[in-house]
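Step one of this worksheet: look at the structure below.
All of the numbers you see were taken from the coordinates with simple rules; none came from a lab. Nothing here was measured: the structure is a model prediction, and the numbers come from that model. When we count neighbours, we look across all protein chains shown, and the Cβ atoms used for this are built from the backbone with ideal geometry, even at glycine.
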Ligand code: NAP
């Protein structure tokens, strides 16, 4: 039995399917009885959960690489918490585990779908950020999809965000000679250089992305990590050197679009420069987790990988945190603290 005395659990459900930018009305908070684990399952009291851009796509009722969220059901996503009841001996009560049934105070999952997190190795925040799928995305992009070679010039968009703030630092560790990041606003641009070790920062809100990129990378770009799509992808293609590599990680500039977004009008430049554009889904790189955590945990411990999180308090604030992240209110990983 659980030694946790709570009887009710708040969860965030999808109330309506948004058209364009979601709002608070997209979500509803519902209190349910704390669920009970069945055989082979564990009950987790969540302490932190993640809000991520890909969740916007799951709010649409369209086929994709991951099924849509169900209307009227709790949303899902990465979370971390403490096991308060276990009907499976391999996961002890008191263990800290990561899992995928976030957006609620208490989650029941199959023990096989939870991963015990070593809290001596890293903080719970790190397990949802640099040591989670966002860090892995950056690592897979720069080692497998658009591999960085010694001396490369690397460009990263959404560079002050969860993936981007880690990507720039990985590029440098892999031998990049110059790392350029793009983010929205002067404060984020400053932090790219001061905190996340970028050599040069572009504030895309100032406009003239092409001109700013040409000034930051006068001899061109070898590797581009595309988190944004649209204008950023166009500018990067224009700046690529011969044989350059682009990791197509995300296209957040189009996630709320209500009409099809035209592709970059300079794609032939990619052909003429023999540039590779290659997509990435982090789920295909989960076997890289031990390799990545083996490196990143040491870098976090010795301070050579700097990370940041923007933390919002309370499960009831999770919708606002998601909406704010989509508009750029976060530096580093956007997280929601659910409890202690
Ligand atoms: P994040 O960067 O921490 O947060 C999203 C950021 O996007 C915001 O902070 C905002 O930063 C920026 N943004 C929003 N609208 C923009 C626009 N119109 N133009 C330029 N920037 C805009 O999120 P994340 O989790 O690290 O994800 C970053 C990207 O990677 C997303 O596209 C996401 O879908 C993708 N991703 C893909 C995979 C995969 O498996 N393929 C895995 C993880 C993430 P500013 O303030 O700088 O605008």
Highest-first arrangement of 42-52, 310-320, 106-116, where packing means the average Cβ count within 10 Å: 42-52, 106-116, 310-320
Folded to 0 to 90 degrees: helix 289-302 orientation relative to the chain principal axis, Cα: 80
Contact order relative to length of the stretch 131-195, as percent, for alpha carbon pairs under 8 angstrom and 6 or more apart: 34
Anisotropy class of the chain from Cα gyration tensor, a/c 1.5 cut: prolate
Ordering of 74-87, 184-197 by packing [mean C-beta count within 10 Å, highest first]: 74-87, 184-197
Of all DSSP beta bridges in the chain, antiparallel share, percent nearest 5: 50
Whole-Å distance, taken between Cα centres, linking the stretch 105-151 and the stretch 155-212: 21
Percent RCO, i.e. relative contact order, over the stretch 202-340, from Cα pairs under 8 Å lying at least 6 residues apart: 17
Amide N proximity, the stretch 62-97 versus residue 112 label position 7 Å along Cα-to-Cβ, cut-off under 17 Å: 87-91
Rounded tilt (10° steps) of 318-327 against the dominant C-alpha axis of the chain: 0
Angle in degrees between helix 162-173 and the longest Cα principal axis of the chain, rounded to the nearest 10: 50
Label point distance in nm, residue 268-residue 61, each placed 7 Å from Cα along Cα→Cβ: 4.2
Peptides 154-161, 165-172, 136-143, 299-306 ordered by average Cβ neighbours within 10 Å, highest first: 154-161, 165-172, 136-143, 299-306
Shape category assigned to the stretch 133-283 from the gyration tensor of Cα positions, a/c cut at 1.5: rounded
Value of relative contact order over the chain, rounded to a whole percent, pairs C-alpha under 8 Å and six or more apart: 18
At R0 = 35 Å, FRET efficiency that the Cβ-Cβ distance of residue 71 and residue 4 yields, to 0.05: 0.70
